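To start, the structure itself, in structure tokens.
All of the numbers you see were taken from the coordinates with simple rules; none came from a lab. Every value quoted in this text rests on a predicted model; they were computed, and no experiment measured them. Quick reminder, even Gly has a Cβ in these numbers, built from the backbone with ideal geometry, and neighbours come from all protein chains shown.
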Amino acid sequence: MSFTLKYTNVSESREIPNENYTIKDLIMELGLSSQTVVSKQNGELVIEDTVINDSDEIKLIQIIYGG
């Protein structure tokens with residue numbers, strides 16, 4: 001089982017390591033903060049607790065912020 005990850009200039013197929021693999025798990029694996037990215041699953045905005053399913057397209061969008 002695999003999914004497609006799209007993040008910045010990356011578009012790659014990745015294996016799903018377990019059946020309860022969430023977007024939060026993916027964000028942590030990539031060394032990102034859930035406070036700095038917005039996630040989409042198959043084009044729909046989703047929360048980080050969403051489970052990634054076979055053939056999903058997961059897009060992570062970096063939030064630009066500053067002060």
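What the table below lists for this structure:
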{"read-out": "Most positive-pole-ward Cα, Thr22, Val38, Asn53, against dipole of region 12-67 from beta carbon charges", "value": "Val38"}
{"read-out": "Structure-based [θ]222 nm, the chain - -39500 (n - 2.57) summed over DSSP H runs of at least 4, per residue, nearest 500", "value": "-2500 deg cm²/dmol"}
{"read-out": "Linear extension gain, Met1 paired with Asp49, 0.36 nm per residue minus alpha-carbon span", "value": "15.4 nm"}
{"read-out": "Label-point gap, in nm, between Thr36 and Glu12 - each point 7 angstrom along Cα→Cβ", "value": "1.8 nm"}
{"read-out": "Long-range tail of P(r) for the chain (Cα pairs > 17 Å, %)", "value": "33 percent"}
{"read-out": "Phi-based couplings in Hz for region 13-30 (Karplus 6.51, -1.76, 1.60; Gly and Pro marked x)", "value": "8, 10, 6, 8, x, 7, 6, 10, 6, 9, 4, 4, 4, 4, 4, 5, 4, 7"}
